[in-house]
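K.L.:
Have a look at this one.
The values are calculated or read from the model by the stated rules, or taken from the named source; none is laboratory data. Values in this document were obtained by computation on a predicted structure and should not be read as measured data. Reconstructed Cβ throughout: ideal geometry from the backbone, glycine too, with neighbour counts over all protein chains shown. Calculation scope for accessible area: heavy atoms of the full protein, side chains included, ligands and nucleic acids excluded. Shrake-Rupley method; radii C 1.70, N 1.55, O 1.52, S 1.80 Å.
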Amino acid sequence: QVQLVESGGGLVQAGGSLRLSCAASGRAFRSYAMGWFRQAPGKEREFVAAISWSGGTTYYADSVKGRFTISRDNAKNTVYLQMNSLKPEDTAVYYCVAHGGWATEVIREYEYWGQGTQVTVSS
């Protein structure tokens, strides 16, 4: 069992930056692929980024590529999402996710979800 707690969300102006953190508890964090999804009001949840257990492989949605960076610190049981050049369309609730397999953008693969953190980007 893995518990995930996100932090770092908030209100920022367009062009600004935020760093989300996700603290994981439970055994074998370093064996889990981790990721971030987001959900804007009235829209379905969508993939943002994913990282392999070692941190050696990362994937990004086209909409965030070049602006967001996912990373992890296995010694701290934490995964991060650095978000730069934020746009109003990045406004959403961001969810940290985990699963005991390969890093993937497929939502149904992720069995563990955090409670979400709100990111609001003003224009």
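K.L.:
Enumerate the lysines that Lys65 could reach by cross-link, defined here as Cα to Cα under 17 Å, with residues fewer than 8 away along the same chain left out.
P.N.:
Counting by Cα, and skipping residues close in sequence, Lys65 has these lysines nearby: Lys87.
K.L.:
Explain nothing, just compute: Karplus ³J(HN,Hα) = 6.51 cos²θ - 1.76 cosθ + 1.60, θ = phi - 60°, for every residue of region 19-30 in order, whole Hz, x for Gly and Pro.
P.N.:
Couplings: 10, 8, 10, 9, 8, 10, 10, x, 7, 6, 3, 5 Hz.
K.L.:
Report, ordered by chain and residue number, the aspartates and glutamates lying within cross-link reach of Lys43, taken as a straight Cα distance under 13 Å and ignoring same-chain residues fewer than 8 apart.
P.N.:
Straight-line reach from Lys43, under 13 Å: Glu89, Asp90.
K.L.:
Sticking with this structure for a sec: Of Ala23, Ala92, Ala75, which is the most mobile in a GNM of the chain whose springs link Cα atoms less than 10 angstrom apart?
P.N.:
Ala75
K.L.:
For region 21-123, what % of the accessible area comes from carbon and sulfur atoms, probe 1.4 Å?
P.N.:
Answer for region 21-123: carbon and sulfur cover 47 percent of the accessible area.
K.L.:
Work out, step by step, the length gained on full extension between Val5 and Asn74: first 0.36 nm times the residue separation, then minus their alpha carbon distance; give nm to one decimal.
P.N.:
Length gained, Val5 through Asn74: 23.3 nm.
K.L.:
Let me ask something else about it. List the GluC sites (Glu not before Pro) within region 88-120 that fall in a DSSP loop (any state other than H, G, I, E or B) and whose Cβ has at most 13 other Cβ atoms within 10 Å.
P.N.:
Within region 88-120, the qualifying GluC sites (Glu not before Pro) (loop, at most 13 other Cβ atoms within 10 Å) are Glu111.
K.L.:
What residue among Val64, Val79, Val97 has the largest mean-square fluctuation in a Gaussian network model of the chain, using Cα springs under 10 Å?
P.N.:
Val64
K.L.:
Also, I was wondering about something else. Distance between the C-alpha centers of region 58-111 and region 1-57? Whole Å please.
P.N.:
Here the two parts' Cα centres lie 5 Å apart.
K.L.:
Write down the accessible area per residue of the chain in Å², having rolled a 1.4 Å probe over the full set of protein chains.
P.N.:
Heavy-atom accessible area per residue stands at 52 Å².
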